[in-house]
Amino acid sequence: MDVSQFGFWIAILFGGVIIASLSAYQQYGSDEFRVKPVIRDFCIGAFLTATVYMFIPDTIQELISSSQSTMASILPTSSPSPSSVDIELHTGPARF
């Protein structure tokens, strides 16, 4: 999967979760909690975020990469350093 497609799905998920959480908060304030409006609002938020992503993909990719670098600096990692990872390089014609 391409990195830009991965960012697209992160943006859709994030937008849907934000709008659905606001809807769920509003539902908790009412007398009766219903799940259908929350799911509907998740779909609306995902659609709106996908629409925004089509207009400004570079900005959203920068936001995702900056948040990933911030999370990487906050969370301790035990992964090996990049210099110790062997990269397998394939050359020649494609083998389908």
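The values are calculated or read from the model by the stated rules, or taken from the named source; none is laboratory data. Note that the coordinates shown come from a computational prediction; the quantities given were computed from them, not determined experimentally. Here Cβ is always computed from backbone atoms with ideal geometry, including for glycine, and neighbour counts include all displayed protein chains.
Within segment 35-67, how many residues turn out to be within 18 Å of PHE6 (Cα to Cα) and either in contact with a strand residue (DSSP E or B) (Cβ under 7 Å, 6 or more places away or on another chain) or of a type outside the set (Ser, Thr, Tyr) (or both)?
The total comes to 16.
For GLN68, are the conditions met, namely being surrounded by 10 or more Cβ atoms within 10 Å (Cβ to Cβ) and at pLDDT below 80?
yes
Can you tell me which residues in segment 72-86 are at pLDDT 70 or above, exposed (fewer than 10 other Cβ atoms within 10 Å of the Cβ) and not hydroxyl-bearing (Ser, Thr, Tyr)?
Those that are at pLDDT 70 or above, exposed (fewer than 10 other Cβ atoms within 10 Å of the Cβ) and not hydroxyl-bearing (Ser, Thr, Tyr): ILE74, LEU75.
Would you call TYR25 modelled with pLDDT of 85 or more and out of contact with any helix residue (DSSP H, G or I) (no Cβ under 7 Å at 6 or more places or on another chain)?
yes
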